[in-house]
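Beneath this line is the structure, given in structure tokens, with notes to follow.
The values are calculated or read from the model by the stated rules, or taken from the named source; none is laboratory data. Here the structure is a predicted model, which means the values were calculated and not measured. Reconstructed Cβ throughout: ideal geometry from the backbone, glycine too, with neighbour counts over all protein chains shown. Only protein heavy atoms, including side chains, enter the accessible area calculation; ligands, DNA and RNA are left aside. Shrake-Rupley method; radii C 1.70, N 1.55, O 1.52, S 1.80 Å.
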Amino acid sequence: MKHIPVLLTEVLQTLGDIKNRTVVDCTFGAGGYTRAFLECGANVIAFDRDTNVVEDANKIKQEYGDRFQFINSAFSDIKNLNPADFDDVVFDLGISSMQIDNGERGFSFRFDAPLDMRMDTRNKQNAQNLIESLSENDLADILYEYGDIKSSHKMAHILKEHKPTTTFELRDLIKNQKDIAPVFQALRIAVNDEMGQIKSALESVHNMLSSNGRCICVTFHSLEDRIVKNTFHKWTQTDGDPRLPTVKNAEYVSLKTFTPSEKELEQNPRSRSAHMRGVQKV
Ligand SMILES: C[S@@+](CC[C@H](N)C(=O)[O-])C[C@H]1O[C@@H](n2cnc3c(N)ncnc32)[C@H](O)[C@@H]1O
């Protein structure tokens, strides 16, 4: 299934007039956001660590030439850009429909495949290696933290004992049906260091964004959303008592937060857990 961009209208509305601005699209995916930004007259620098999207990125490059640049690496590499080269930054986190629906990549328990789950297949560690290399306690922590698995120690013990190598082997080890999706999700988040990536990239953006620059994040998981919410909260707080002359003014202001409308939920049920937050540098 082709990826349907989530909260795109709200992202565009929050970015405002981007004609002649340069937007960093940190999560190219199917290029839905990138195309929309280009069509609004912006220049785009896009990141994606999945090598499978390179072909789509090349097609956009052919159409838009120098207005579009694609970087096939993790968005934490945004730290290597020159801050003078971009104005706004957008993240549309999580995985794409192409990744979930590609049966060979091991993200989904609907297809039998090697237990992989790497967004970037150039990285060494996949889900099978992760289960094998972690201690039972560390594996339990991941299942608890990223999947909210209540019996995480029991689950970790079963995984360490049976060492699943395929999605179906893993699925069949999970006796409690309602834990299947959360266990897959927890392993995927750990394999791809999803929380570490967003923390590191936001830290870079904080130091790099120039005056009036906007940073927008669309999240799909409560932990991810909490990181974004707390980070933006810190950026928009004044330091000390605002009535005192020594107070440090906040560097950022908050922008309106959005969740999908009824209409979007109806048209694209995969948008159901999405939250959009944004800030603007003053
Ligand atoms: C939800 S999709 C983005 C969809 C895109 N906005 C669109 O409209 O087509 C997320 C994409 O981000 C990529 N991604 C996730 N985390 C990443 C990271 N840390 N660095 C680079 N790409 C990442 C995934 O590979 C995936 O292709």
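A few remarks follow.
- Under the criterion of Cα pairs below 8 Å and six or more residues apart, the relative contact order for segment 121-191 equals 42 percent.
- The chain - percent of accessible surface contributed by carbon and sulfur, probe 1.4 Å: 48
- When the chain is treated as a GNM with alpha-carbon contacts under 10 Å, the residue of THR34, THR219, THR121 showing the greatest mean-square fluctuation is THR121.
- Cut-off 12 Å, label 7 Å out along Cα→Cβ of ASN129, residues of segment 39-68 by amide N: none
- The chain, relative contact order [Cα under 8 Å, separation at least 6], %: 19
- Of LEU173, LEU15, LEU139, the one that fluctuates the most in a GNM where the chain has Cα springs shorter than 10 Å: LEU173
- Membrane-span-like helices in the chain (whole DSSP H runs, Cα extent of at least 20 Å along the helix axis, mean Kyte-Doolittle hydropathy of at least -0.5): 194-208.
- Segment 163-282 - accessible surface per residue (Å², probe 1.4 Å): 53
- Charge dipole (segment 64-199, unit charges on Cβ, about Cα centre) - positive-most of TYR64, THR121, PHE86: THR121
- Gain upon complete extension [SER222, ARG67; 0.36 nm per residue less C-alpha separation]: 52.3 nm
- Relative contact order of segment 197-282, pairs being alpha-carbon contacts under 8 Å that are 6 or more residues apart, as %: 40
- Taking 30 Å as the straight-line reach from the Cα of LYS248, the lysines in range (excluding those fewer than 8 positions away in the same chain) are LYS79, LYS199, LYS229, LYS234, LYS256, LYS281.
- Extended-chain gain in nm, criterion 0.36 nm per residue less alpha-carbon gap, THR238 and HIS153: 26.4 nm
- What the Cβ-Cβ distance of ASN230 and ASP112 gives, at R0 = 30 Å and to the nearest 0.05, is a FRET efficiency of 0.15.
- Straight-line cross-link partners of LYS163 among the lysines, defined as a Cα under 20 Å from its Cα and at least 8 positions apart when in the same chain: LYS124, LYS154, LYS175.
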